[in-house]
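Read the structure below first, then the notes.
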Amino acid sequence: MTVGWHDLTAEEQAALKRLNRGPYPELAKPMADRLISLGLAQQRPGGVGISRAGRELVIGVLLDGRGT
C-alpha cells in the first residue's frame, strides 16, 4: 500500500515531519503504531524512527513546497 501525504491526518503529517528531524521521544504510542503500520516509521533500539518511505514522503512534500 502506498500512502500519500493527503492520506494522512494533520497530526500524522506533523509527527512524520518531526520524526524526519531526528529522535522524537514524545511521540505517543498510538501515533507511532499508526505510522509503523503505514510503513512510514519503524521500531529501532533507541525508539521509533522514520523509515525510508516516510523520509521520501516528507522530503517530496518539502521540495514541492519550494516549487521544485
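The values are calculated or read from the model by the stated rules, or taken from the named source; none is laboratory data. Please read all numbers here as calculations on a predicted model, not as lab measurements. With ideal geometry, Cβ positions are generated from the backbone for all residues, glycine too; neighbour counts draw on all protein chains shown.
Overview of values
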| quantity | calculated |
| --- | --- |
| The range 15-43 residues that are at positive phi and surrounded by 13 or more Cβ atoms within 10 Å (Cβ to Cβ), paired with ones that are modelled with pLDDT of 95 or more and outside any helix (DSSP H, G or I) (beta carbon under 8 Å, 6 or more apart) | 39/51 |
| Filtered residues of the range 46-60 (kept if among the β-branched types (Val, Ile, Thr) and crowded, with 21+ Cβ neighbours inside 10 Å) | 48, 50 |
| Members of the range 23-46 found to be small (Gly, Ala, Ser) and either within 14 Å of residue 5 (Cβ to Cβ) or modelled with pLDDT of 95 or more (or both), listed by number | 28, 32, 37, 39, 41 |
| Among (1) buried (at least 19 other Cβ atoms within 10 Å of the Cβ); (2) over 18 Å from residue 2 (Cα atoms); (3) not hydrophobic (A, V, I, L, M, F, W, C), the one test that residue 65 misses | (1) |
| Output for the range 44-68, where each listed residue is without any contact (Cβ under 8 Å) to a residue 12 or more places away in the chain and within 11 Å of the chain's Cα centre (by Cα) | 52, 56 |
